[in-house]
1. Output yes when any residue across segment 414-430 is near the ligand (Cβ under 9 Å from one of its atoms), surrounded by fewer than 19 Cβ atoms within 10 Å (Cβ to Cβ) and not in a helix (DSSP H, G or I), and no when none is.
2. Can you name the residue in segment 323-335 that is crowded, with 18+ Cβ neighbours inside 10 Å and not aliphatic (A, V, I, L, M) and is also farthest from Glu145 (Cα to Cα) among such residues?
3. Counting just the residues of segment 393-413 that are within 15 Å of the ligand (Cβ to nearest atom) and among the charged types (D, E, K, R), which one comes out surrounded by the most Cβ atoms within 10 Å (Cβ to Cβ)?
4. Among (1) in a loop (DSSP other than H, G, I, E, B); (2) within 14 Å of the ligand (Cβ to nearest atom), which single condition is Met445 missing?
5. Conditions: (1) within 17 Å of Gly323 (Cα to Cα); (2) at pLDDT 65 or above; (3) in contact with a Lys or Arg (Cβ under 9 Å, 6 or more places away or on another chain). Leu146 meets all but one. Number of the miss?
6. Out of Arg179, Arg201, which single residue is among the basic types (Lys, Arg) and at pLDDT below 90?
7. Considering segment 357-381 alone, what residues qualify as being part of a loop (DSSP other than H, G, I, E, B) and either touching a Leu at 6+ places or on another chain (Cβ under 8 Å) or near the ligand (Cβ under 8 Å from one of its atoms) (or both)?
8. If I ask for residues that are touching a Ser or Thr at 6+ places or on another chain (Cβ under 9 Å) and more than 27 Å from Arg365 (Cβ to Cβ), which ones from segment 315-353 would you list?
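The values are calculated or read from the model by the stated rules, or taken from the named source; none is laboratory data. Source: prediction; values computed, not measured. Note that each Cβ is placed from the backbone with ideal geometry, even for glycine, and that neighbours are counted across all protein chains shown.
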Amino acid sequence: MALFIVCIALAPAIGFGQFVHNPIGASVAVSETRVPANSTFDVSVDFELDAGVHLYKDRISLKWEKLEGVEHVGNVFPTGRMIRDEWGFGPDDSGMIEVYEGSVRVAARMRSAGKEGDRITILGKLSFAGCSDEICYPPGTLPIELNLITAAALTGRDTGCETAILRNTSMGTIIDGKRIAEAIIAELKTEVASLTEKVGRSPGLGVILVGDDPASKVYVRNKRRACDELNIFSEEHILQDDVPEETLRKRIEELNDDGRIDGILLQLPLPPHLDEDAMVSLIDPAKDVDGFHKLNLGRLLCGKELFVACTPLGIQQLLLRSGVEIEGKHVVIVGRSNIVGKPLAALLMQKKTGANATVTVCHSRTRNLGEMTRTADILVAAMRSPQTITADMVKPGAVVIDVGINRIPDQSRKRGYRLVGDVDFDAVKDVASKITPVPGGVGPMTIAMLMSNTVRSFKMRNGIEP
Ligand SMILES: NC(=O)c1ccc[n+]([C@@H]2O[C@H](COP(=O)([O-])OP(=O)(O)OC[C@H]3O[C@@H](n4cnc5c(N)ncnc54)[C@H](OP(=O)(O)O)[C@@H]3O)[C@@H](O)[C@H]2O)c1
C-alpha cells in the first residue's frame, strides 16, 4: 500500500532570513495538497528541538476537530531520536500525540474516501509548551486546517516532507496576514531593543507626506504607529499640496544627510505638478526602504538586492510563513506595476531559497486571462479592479494572494462603502487551498516589511550583518 505524507513541521530551532528566531515557535508546512482517492496517507508532525529544549509530555497534543472526506485509522509510532520512549495516545484515540523530548516525527494515519476531485478537510489543534534549562516558553497553540483534494494519482514522486523552514506560521484556508504581520513586528521589537542598546541609538525613519490625500494620511498614521510600537524613531515632514519641487528636493537631501535617519519614505502618489520618478530618484538608495529607487529595482532583478519593495516582500513572507512552497511552482501574477507586479516577479524567480518559482506576468492586454490564471499554483492578483478574479479562473487547490484594495459602494455600512480585493473572495475561497482576505491579508504585511527594511538599513549602516 502506497503511503503519502502530508507534513506539518515544527522547526523551532531554525531562523529565517533577517528575522529573530523564537526557539519554540511553531511552523507548518504542507508538502502536498493532493492525495489519491481511497488510499492511506499520514498527517505527520515533526519536532526538531534545540539541544536543551524540552517539550513536555502533558502539554503536547494534536486533536482533530473535524474530519471530512477522510477517516482517522490510527496513529503511527514515532520515528527518530528520542530520549525516552514512553508514548501515549489520547483516551479516545482521536489523534492525541504526546512527546517527551528529542527530534522525532509522529503521525496520524488517515484514509481518504470518495473519488477524484473530492475535498478533504482536516481541522485540528496543536498545543505545545516547553522549556530550556533557563526559561520556560509560553504555551503555544496552532490551528491546523488542511484542505486537500483527492486526485486520481500523484505525479509518481514520493511527496515526502519538504519542510519549509518557517516560524509562527498561521495555517488554514485563510492566510491571516494580520497575525503573521504581528508576529514579524514582535520579532522585530526584540531585535530593535538589542540593536538600540548595542549601537546607542534607535533606528530612524523619515516620512514625507505632500498634501492631504486622506488615504495617504491613513497610511502615514499606520506607519507612525508601527514605529512607536517598535521604538523606532520616526519623523514626519508634512508639506503643502502646492509645495515647489525645489523645497521637496531639499527636504529629501536633508534626510539623506541626516545621521539619525536610516530609512526615507516618500508617500506616493504626489500631486501632479511633482515628478514622482525624479523625486524618488533623489532618495539615497541606501536609505530607500520602500525599494522604489531604480537602483534597488535593478539590483533585485540581478539577485543582488539591497531593499525590496515592501508589498512584494510581504507577499513572499506570507507564502513562506503559511507553509506554501514556492520553489518549482507556477506563479501567475496579474498586474505589472513597478511597485507590485514587476518586483514580485523578479523576487520569486530568483535562484534562491524562498523563490525558484516559474513566473508568468499578465496584464490588461493578456489574451484569455482565465486560461493563464487557471495554470497557476500560486495566483497573485494586483490589478486595481474589484472582484475580477472569479472562481472559474482559479485551479482547484491553488493558493490565491489578493493584493487589491478597492472601495465599492455599500449602503449597509456607515461610511457608505466597503473594501474588497481584486478577487471574488466568497466564491474563490471554496476553490483555493489558501487565500488572503481583504482587508487583513497583504495590507498589514506591507507595513511590517517597511519596518523590517528600516531595521535592515540600520544594521547595514552600522556595520552589522543584515
Ligand atoms: N496591500 C497593499 O499593501 C498594497 C500595496 C500596493 C498596492 N495595493 C493594491 O494593489 C492593487 C494593484 O496596485 P498597483 O499599484 O500594482 O496597480 P496599478 O499600477 O494600477 O497596476 C494594475 C495592473 O493590473 C493590470 N490590470 C488591470 N486590469 C486588468 C484586467 N482586467 N486584466 C488584466 N490585467 C489588468 C494593469 O495592466 P496594464 O499594465 O496593461 O494597464 C496593470 O498592470 C491596487 O488595488 C492597489 O490599491 C495594495
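1. Looking through segment 414-430, none of the residues is near the ligand (Cβ under 9 Å from one of its atoms), surrounded by fewer than 19 Cβ atoms within 10 Å (Cβ to Cβ) and not in a helix (DSSP H, G or I).
2. This residue is Gly335.
3. This residue is Asp402.
4. Failing condition for Met445: (1).
5. (3)
6. Step by step, each of Arg179, Arg201 is checked, and only Arg179 is among the basic types (Lys, Arg) and at pLDDT below 90.
7. Hits for segment 357-381 are Ala357, His363, Ser364, Arg365, Thr366.
8. Result: Gln317, Leu318, Leu320, Arg321, Ser322, Gly323, Val324, Glu325, Glu327, Gly328.
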